[in-house]
Amino acid sequence: MNDSTHDASSRALSNLDLETPEKPYLDSNELIINMGPQHPATHGVLRVILKLDGEKVLGTECVIGYLHRGVEKIAENRTYTMFNPYVDRMDYVAAVSNGLGYCEAVEKLMNVEAPARAKYIRVILTELNRIASHQLWLGTHALDIGAMTPLFYTFRDREEILKIFEKYCGARLTTHAFRIGGCQYETYAGFEKEVKNFLTFVAPKIDEYEELLTTNRIWIERTKNVGVISAADAIALGVTGPVLRASGVKWDLRKAQPYAAYSEFNFDIPTGTNGDTYDRYLVRMAEMRQSLRIIEQAVNRIPEGPIMAKVPKIIKPPVGEIYHSIEAPKGELGYFIVSDGSTQPYRLRVRPPSFVNLQALDTMVRGLLVADVVAVIGTIDIVLGEVDR
Amino acid sequence: MAEEAKPPVPPPPPEGEKKPAAEERAAPASAEPAKPAEPAKPAAPAKPAGPVPVPWTSPLVEKYRGQYGSGLDAQTYLGQNYFAVDRSLIPDILRLLRDEEQFDYCVDITAVHYPQREKQFDVVWIIYSFPRNERVRVKTQIADGASIPSSVSIWATANWLEREVYDMFGIQFDGHPDLKRILLPDGWKGHPLRKDYGILQQDNEWVQINLGIESGQ
């Protein structure tokens, strides 16, 4: 054994012709490296295999599934009611949106409609959750790029939203706020006042985030023209949410196919023009302000009345299938449910926005530098719990 | 959904073709109610009659019914439209829907397993049109082990979606550029969303070799 290694090394040495090297000292071949699965900037356990030419990205491949828990299989083995809390664990920073989509899908399958008051409560909480989700995105995204300060600002302010959630339903993150047919909990005493206080509290804070970043030269250098995706590519890749809107497609399910009570509120759909990281940042900032507008209108005219529709204790939707989707903070979140008339879904498919949007990563990072990959992963705003389900 | 607001669709085919089409629609509705009544688990007792699918009529449907006849069944359930399409027509129909009817966004591709059926799988495409603001589902039945043409060349987003269907159901997509598992590890055996795959079941061999533990449970 010793002999053979010695032989091999001496042979290798003898082959080295120092006068005319066969290969240059620094190998200029393509380099394949792993980013993740344990990497602070991948927002979970995402592994990206990068094919590099020096610092330049030639191509990527995402390896996902590290957080796969088989949510769709679990659904087939739980009753409709029992499965409700599970959906919170997919996109855990926007648990309220997940719950809204699921409850509305099952309601649609059962052909019932939540009462008006429940719809308003749902809108308020969902929009609060959208702001919380965008705040968390902004803090971590800025941290990835090297701006540490926004994280503390956004987490400080997000706390106020979580406090409202906690007071409303006892949980801060995986809220399980809604039930099939409406809401379980009536709003607590002082709910409206606290939400209004939050609105006046957070509006100047959003300006504060923008003061930190929007005209910050480092921020602009790191985000402008980085991770550009054209509208045509975005549509072909099925990208939705703020990423699609930043590419200039004015499409939001809350307007296109209104659900809950969204048709009753005035709000705009912010869009970008370049489809780059900077535009996606601006779109999300504008979306937070639009959410404030929606909440303000909703909280000022919450109708009185019941919060639960008449649904049986044991939920047995009739035989059939339904697809229902909502505009989650990350994009189109859809539920495709097949019922066989029993108490458990025969098949439940989640159409996760993060999963589909992540597929566009490759298109967005080709030709950029490694450091930009971090910025682009951040700007897509993925939650691996939802990608892997 | 946006059916009323759709004037610019070409007129239906000539009368001669339209007539048999209308008859066909009436016939399959009774003779082939496979879609709505199909699962019928033995455990389920008689339930109150829910809403039933009704034939979906629109210029779009008339146009394609004239073209494809009995291979195409169009229904509406709870306001949602779907095509039940013969497997052989799948690539044509999907491509036509995108190219001619502007269904430019493939929302989702998924499958449903019905082990007691001869053709065990429903493959479902959920597609959406931005210009029409309309969503439809296209579904087809295929047998276990049969393959289906990939739609990656029609919608790029189908790449990962088809990989997930393959991973979870073992359905092969012909012409897919890189059909391999996506959520489960590469060496895994079995396809978990098949009905014969138990909720506690897993690939114990894989777990023992790769994780070095007796069982993942």
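The values are calculated or read from the model by the stated rules, or taken from the named source; none is laboratory data. Since we're looking at a predicted model, the values are computed, not measured. With ideal geometry, Cβ positions are generated from the backbone for all residues, glycine too; neighbour counts draw on all protein chains shown.
At a glance:
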quantity	calculated
Whichever residue in the range A:346-363 is under 18 Å from the mean Cα position of the chain (by Cα) and among the β-branched types (Val, Ile, Thr) and, among such residues, is nearest to the other protein chains (Cβ to nearest Cβ)	A:356
Leading residue by the ranking (nearest to the other protein chains (Cβ to nearest Cβ)) among those in the range A:54-87 that are over 20 Å from residue B:159 (Cα atoms) and among the aliphatic types (A, V, I, L, M)	A:74
Criterion (among the basic types (Lys, Arg) and either without any contact (Cβ under 8 Å) to a residue 24 or more places away in the chain or out of contact with any strand residue (DSSP E or B) (no Cβ under 9 Å at 6 or more places or on another chain) (or both)) met by exactly one of A:280, A:254	A:280
Residue that is surrounded by the fewest Cβ atoms within 10 Å (Cβ to Cβ), among those in the range B:135-153 that are assigned to a loop (DSSP other than H, G, I, E, B), over 13 Å from the mean Cα position of the chain (by Cα) and within 14 Å of another protein chain (Cβ to nearest Cβ)	B:153
Any chance residue B:58 is of a type in the set (Ser, Thr, Tyr), surrounded by fewer than 21 Cβ atoms within 10 Å (Cβ to Cβ) and away from every other protein chain (no Cβ under 11 Å)	yes
Residue in the range A:50-59 that is surrounded by fewer than 23 Cβ atoms within 10 Å (Cβ to Cβ) and either acidic (Asp, Glu) or at pLDDT 90 or above (or both) present	yes
Pairs with Cβ under 6 Å, 6+ apart, first in the range A:310-323 and more than 7 Å from chain B (Cβ to nearest Cβ), second crowded, with 22+ Cβ neighbours inside 10 Å and among the polar types (S, T, N, Q)	A:317/A:339
Enumeration of residues in the range A:256-282 that are within 14 Å of another protein chain (Cβ to nearest Cβ) and either more than 30 Å from residue B:153 (Cα to Cα) or touching a His at 6+ places or on another chain (Cβ under 8 Å) (or both)	A:258, A:259, A:263, A:269
Residue in the range B:192-206 that is of a type in the set (A, V, I, L, M, F, W, C), more than 12 Å from every other protein chain (Cβ to nearest Cβ) and over 20 Å from the mean Cα position of the chain (by Cα) present	yes
Residue satisfying condition, being at pLDDT 80 or above and more than 27 Å from residue B:157 (Cα to Cα), within set B:42, B:91, B:53	B:53
Hey, residue A:100 buried (at least 23 other Cβ atoms within 10 Å of the Cβ), over 30 Å from residue A:340 (Cα atoms) and in the same structural domain as residue A:353 (by TED's automatic domain parsing) or not	no
Those residues of the range A:155-175 which are among the basic types (Lys, Arg) and either at pLDDT 90 or above or in contact with a strand residue (DSSP E or B) (Cβ under 7 Å, 6 or more places away or on another chain) (or both), in sequence order	A:156, A:158, A:163, A:167
Breaking point among (1) part of a helix (DSSP H, G or I); (2) more than 20 Å from residue A:381 (Cβ to Cβ), for residue A:130	(2)
The lone exception for residue B:156 - which of (1) touching a helix residue (DSSP H, G or I) at 6+ places or on another chain (Cβ under 7 Å); (2) facing chain A (nearest Cβ under 9 Å); (3) surrounded by 22 or more Cβ atoms within 10 Å (Cβ to Cβ) it fails	(3)
Which listed residue is modelled with pLDDT of 90 or more and either assigned to a helix (DSSP H, G or I) or away from chain B (no Cβ under 13 Å) (or both), from A:228, A:249	A:228
Residue that is farthest from the chain's Cα centre (by Cα), among those in the range B:94-130 that are acidic (Asp, Glu) and assigned to a strand (DSSP E or B)	B:108
Subset tally (residues that are part of a helix (DSSP H, G or I), closer than 18 Å to residue A:333 by Cα and not aliphatic (A, V, I, L, M)) for the range A:81-118	13
Residues of the range A:353-384 that turn out to be among the small types (Gly, Ala, Ser), surrounded by fewer than 21 Cβ atoms within 10 Å (Cβ to Cβ) and part of a helix (DSSP H, G or I), as a count	1
Residues of the range A:308-319 satisfying the condition of being crowded, with 23+ Cβ neighbours inside 10 Å and assigned to a strand (DSSP E or B)	none
Qualifying residue in the range B:165-178 (condition: touching a Gly at 6+ places or on another chain (Cβ under 8 Å), within 10 Å of another protein chain (Cβ to nearest Cβ), of a type outside the set (Gly, Ala, Ser) and more than 20 Å from residue B:124 (Cβ to Cβ))	no
Qualifying positions in the range A:283-306 - of a type in the set (D, E, K, R), part of a loop (DSSP other than H, G, I, E, B) and either at positive phi or crowded, with 22+ Cβ neighbours inside 10 Å (or both)	none
Filter pass, residue B:116 being in contact with a Ser or Thr (Cβ under 7 Å, 6 or more places away or on another chain), within 13 Å of another protein chain (Cβ to nearest Cβ), polar (S, T, N, Q) and over 20 Å from residue A:105 (Cα atoms)	no
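This table checks each residue for (1) in contact with a Lys or Arg (Cβ under 6 Å, 6 or more places away or on another chain); (2) over 27 Å from residue A:222 (Cβ atoms); (3) assigned to a helix (DSSP H, G or I).
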residue	(1), (2), (3)
A:152	no, no, yes
A:155	no, no, yes
A:160	no, yes, yes
A:163	no, yes, yes
A:167	no, yes, yes
A:171	no, yes, no
A:175	no, yes, no
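Per-residue answers, yes or no, for (1) modelled with pLDDT of 85 or more; (2) under 16 Å from residue A:73 (Cα atoms):
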position: B:168; (1), (2): yes, yes
position: B:171; (1), (2): yes, no
position: B:178; (1), (2): yes, no
position: B:185; (1), (2): yes, no
position: B:204; (1), (2): no, no
position: B:210; (1), (2): no, no
